[in-house]
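Comments concern the structure below.
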2 protein chains.
Amino acid sequence: MSILVTEKKLRDFVEAVFLTYNLTKEEAFVCSDNLVMADMRGVHSHGVARLKRYVDSIAQGLIFPLKKPTVVLETPNTATIDGNAGLGQIVGYHSTKIAIEKAKKTGIGVVTVRNSNHYGIAGYYANMMLQEKLLGISMTNSAPLVVPTFGKEMMLGTNPISLAAPTKRNRPFFLDMATSVVPRGKLEVYNREGKTMPDGWCVDEKGKACSDPAKVLNNMSNRIGGGILPLGGEGELFSGYKGYGLALIVDILCGVLSGGAYSDLVYGEGKEGKGEPPNVGHFFMALKIENFVDFDTFTSKMDDLLDRIKKSAKAEGENRIYIHGEKEYEKVEKYQKEGIPLQEKVYETLQNIAKERKLDFSLR
Amino acid sequence: MSILVTEKKLRDFVEAVFLTYNLTKEEAFVCSDNLVMADMRGVHSHGVARLKRYVDSIAQGLIFPLKKPTVVLETPNTATIDGNAGLGQIVGYHSTKIAIEKAKKTGIGVVTVRNSNHYGIAGYYANMMLQEKLLGISMTNSAPLVVPTFGKEMMLGTNPISLAAPTKRNRPFFLDMATSVVPRGKLEVYNREGKTMPDGWCVDEKGKACSDPAKVLNNMSNRIGGGILPLGGEGELFSGYKGYGLALIVDILCGVLSGGAYSDLVYGEGKEGKGEPPNVGHFFMALKIENFVDFDTFTSKMDDLLDRIKKSAKAEGENRIYIHGEKEYEKVEKYQKEGIPLQEKVYETLQNIAKERKLDFSLR
């Protein structure tokens, strides 16, 4: 069962929750905008369903909502930021603004961030750069849930990569993908629906293919062994080492280059739940297109590239080839008109947050 | 059957072949070094087995060996290069040198290239940056062999991504991966050995899973329909749209950002074999690590990251977790001692090239 809520009311409510922590209006807006954007795009796992975790982490002293990110090292086109265990969304927002400013001035802005928290969807920051007519890249490392090829321990995050690029006629190219074959949320859906997972998604405590979502989820929660596989699946037959390599790239750019945490040190032993912030790392890069090619040429060629692919012949039984971001843009349009569907459980959680933070609650 | 040749003699022979086109000593060295490095790393599909294709393409006027790349647009940290249909290796080498120089001066060097040719292994250029203690990234678009999710036409190249990062004790992290699930060479191996391919590698002319390598190879050569799948395989079950998205990222950075060709325009209709150069695009990026974090901290943390993963528990039946590049570094060491194994057919092809270019031939 899901409950339809209006975008405006949901935005205002989430913003109000963040304002109770004495954030500035701008910062509370960003936190709300980030979560609601995920729901609007249909990525409910990263939407307001996560608000409770932020609220709890603040209460537990894992997130310090009033801490501002500080610049550790800076040059005209680079910066290293310490998030000071602040809200990931605020750290991400300020860091991306720095990348944007540097790209506008010098053509490129590369910013790496340590000691941050979960920053919501990676695409939020790529989209900020896109709105400034820049080519935007955003990555983050995350809690270890992914098992390396030939391993059986969760040693890497689902470490997403997002890239957004402007177009002229078409919707922008807007990829936002985990480097694991599936996100944990997918296992939860299969579990709720009593479905068997295909081999190639997960491994059990022996590091062998496992199709039982309940077992894998239990193994993951209790760190018994096994977890989610990298993009490409188990072993080498479907090139799972490539997804594993992509996860490592993200960890190198977010965790190592920033001088922060990586692998199982992120949300690691002795961290989450034990009073120590998770030390998440991010990486942002903005490229000023005009420094490489005329902006108009770029967007025209983007249109032509996307058109060629969309117009190419379809597989039997398929009638559409999607470009990355299209499905999500269409969902945004639909939800703007019809309202956003929230799971009843999520709705109730928000209601409880309203009580806890002494706020009015009306989303419909 | 394979024939063992010595590294030194193979290097000298390939260099001599390129010198017959009046390249400079430095350029001939680079072309040879690039091809032999692939063989030494065990990537024989990109090694001297390809020399014949370069020689033929020069004869056909698709590669102009004496054309130098020219700078179209340049800023202190970016450059757009026109390869002028020169040798991809030379274009790649000069472009990477520009990226290195810019990174050393400004912290970052980003170079995008149009109108080049096949540049060998992507890792060659990432390794050049690595040798300068930079974090190096190299990408290229390539002949369309990959079918987008829900499509049945080859619209994207195998578009590889390479990233190399320095370490202290460990071998460097050195990833060099196609964004397709497998390279075409793998289909050829299965075909030669009469083996059935697993579903998830390729689709047939209807865009449906096909396990017959002979059929797919024939379909690909004659552009009947179908081709290789992106990393993640067919449809959405194993997230094939992620590999498809990665291939698009490479095409955007190499083909669109450079103002060059992309999708099926690379080696496209009316191109290869019809007298027009294939207009391949590349992308190079070098990051100066010290601009983000102390170099020593970076390499120490790289060691720790790689150690943690290598030491983590192994799946049942496995006794080693590999880091990207390890297998290849070990192959280099083995071949340096024992010689490089060349397939008899490749050996004969080199012999014929020697005749054609009027060179002595002795590799053993």
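The values are calculated or read from the model by the stated rules, or taken from the named source; none is laboratory data. Worth saying up front: this structure is predicted, and the values here are computed from it rather than measured. So basically every Cβ, Gly included, is an ideal-geometry build from the backbone, and we count neighbours across all protein chains shown. Each accessible area value is taken on the protein alone, full model and side chains, heavy atoms only, with ligands, DNA and RNA left out. Shrake-Rupley method; radii C 1.70, N 1.55, O 1.52, S 1.80 Å.
If you take each beta carbon of peptide A:144-156 and count the beta carbons of other chains within 10 angstrom, what is the mean?
5
Per residue, how much accessible surface does chain A expose to a 1.4 Å probe? Answer in Å², no decimals.
The answer is 37 Å² per residue.
From the backbone phi of the stretch B:200-209, what are the Karplus-calculated ³J(HN,Hα) couplings (6.51 cos²θ - 1.76 cosθ + 1.60, θ = phi - 60°) in whole Hz, Gly and Pro given as x?
Each residue's phi maps through the Karplus curve to give x, 9, 9, 10, 8, 5, 9, x, 10, 3 Hz.
Net charge near A:PHE29: determine it from the other residues with C-beta under 11 Å of the C-beta of A:PHE29, scoring Lys and Arg +1 and Asp and Glu -1.
Charge balance near A:PHE29 sits at -3.
How do the peptides A:155-166, A:191-202, A:80-91 rank, highest first, by the average count of neighbouring beta carbon atoms within 10 Å per residue?
Peptide ranking by packing, descending: A:155-166, A:80-91, A:191-202.
For A:LYS215 and A:ASP12, calculate 0.36 nm times their separation in residues minus their Cα-Cα distance, and state this gained length in nm to one decimal.
Extra length from A:LYS215 to A:ASP12 when fully extended: 69.2 nm.
R0 = 22 Å: FRET efficiency of B:LYS104 with B:GLU333, Cβ-based, nearest 0.05?
Efficiency computed from Cβ-Cβ geometry: 0.15.
Give me the mean projected area, in nm² to one decimal, of the convex hull enclosing the Cα positions of chain A.
Across all orientations, chain A yields a mean hull projection of 18.7 nm².
Taking each pair of distinct Cα atoms in the stretch B:184-228 once, what is the resulting Kirkwood hydrodynamic radius in Å?
10.0 Å
Can you list the copy-to-copy distances for A:ALA16, using a point 7 angstrom from Cα toward Cβ, in nanometres, shortest first?
Computed spacing set for this position: 8.4 nm.
Take peptides B:52-62, A:13-23 and line them up by average Cβ neighbours within 10 Å, highest first, as a rough protection proxy.
Ranking the peptides B:52-62, A:13-23 by packing returns A:13-23, B:52-62.
Given R₀ = 51 Å, what would the calculated FRET efficiency be for B:GLU188 paired with A:LYS358, taking r from the Cβ atoms and rounding to 0.05?
Given R0 = 51 Å and the Cβ-Cβ separation, E is 0.15.
Please report the spacing between the Cα centers of the stretch A:214-283 and the stretch A:1-74 in Å, no decimals.
Measuring centre to centre over Cα atoms gives 24 Å.
Under 5 Å between amide H atoms, partner at least 5 residues away or on a different chain: which partners does A:VAL5 have, H built in plane at 1.01 Å?
A:ILE340, A:LEU342
Using a basic spin-label model with each label point 7 Å from the Cα along Cα→Cβ, how many nm lie between A:SER2 and B:ASP56?
5.4 nm
Across peptide A:229-235, how many C-beta atoms of other chains are within 10 Å of each residue C-beta, on average?
The mean count of partner-chain Cβ atoms within 10 Å per residue comes to 4.
Per the 1.4 Å probe, what fraction of the accessible area of the protein assembly as shown, in percent, lies on carbon and sulfur atoms?
Of all accessible area on the protein assembly as shown, carbon and sulfur atoms account for 49 percent.
Can you list the residues, at least 5 places off or on another chain, whose amide H is less than 5 Å from the amide H of B:VAL72, using H built in the peptide plane?
B:THR80, B:ILE81, B:ASP82
Calculate for chain A the 222 nm mean residue ellipticity that helices alone would give, adding -39,500 (n - 2.57) per DSSP H run of length 4 or more and normalising by residue count, nearest 500 deg cm²/dmol.
-12000 deg cm²/dmol
Principal axes first, then extents: for the Cα atoms of the protein assembly as shown, list largest minus smallest coordinate on each axis, whole Å, largest first.
The Cα atoms of the protein assembly as shown stretch 88, 52, 50 Å along the principal axes, largest first.
Classify the stretch A:120-175 as rounded, prolate or oblate from the Cα gyration tensor: take a ≥ b ≥ c as the square roots of its eigenvalues, call it rounded if a/c is under 1.5, otherwise prolate when a/b beats b/c and oblate if not.
prolate
Show me the ranking of peptides B:288-297, B:214-223, A:98-107 by mean Cβ neighbours inside 10 Å, starting with the highest.
Ranked by mean Cβ neighbours within 10 Å, highest first: A:98-107, B:288-297, B:214-223.
What is the stretch B:22-158 by shape, rounded, prolate or oblate, if you read a ≥ b ≥ c off the alpha carbon gyration tensor as root eigenvalues and call it rounded for a/c under 1.5, prolate for a/b larger than b/c, and oblate otherwise?
Judged from the Cα gyration tensor, the stretch B:22-158 comes out rounded (a/c under 1.5).
Using θ = phi - 60° and the Karplus relation 6.51 cos²θ - 1.76 cosθ + 1.60, list the HN-Hα couplings for the stretch A:76-83 in order, rounded to whole Hz, with x at every Gly or Pro.
Residue by residue, the stretch A:76-83 yields x, 10, 9, 8, 10, 10, 9, x Hz.
Every other copy gets compared here: list the nm distances from the B:LYS337 label point (7 Å along Cα to Cβ) to its counterparts, shortest first, one decimal.
So the distances to the same position in the other copies read 6.9 nm.
Could you state how much accessible area is buried at the A-B interface, both sides summed, with a 1.4 Å probe, in Å² to the nearest 100?
7500 Å²
With only Lys, Arg, Asp and Glu charged, each at its Cβ (+1 for the first two, -1 for the last two), find how big the charge dipole of the stretch A:184-228 is about the Cα centre; round to the nearest 20 debye.
Dipole magnitude for the stretch A:184-228 comes out near 80 debye.
Pop out the ³J(HN,Hα) list for the stretch A:155-169 in order, Karplus 6.51 cos²θ - 1.76 cosθ + 1.60 with θ = phi - 60°, rounded to Hz; leave Gly and Pro as x.
Whole-Hz 3J(HN,Hα) from phi for the stretch A:155-169: 10, 9, x, 6, 4, x, 10, 10, 9, 10, 9, x, 10, 9, 8.
Given the stretch B:170-302, report the % of alpha carbon pairs whose separation exceeds 20 Å.
Here the long-distance tail beyond 20 Å is 61 percent of all Cα pairs in the stretch B:170-302.
Over all residues in A:251-264, what is the mean tally of Cβ atoms on other chains that come within 10 Å of each residue's Cβ?
6
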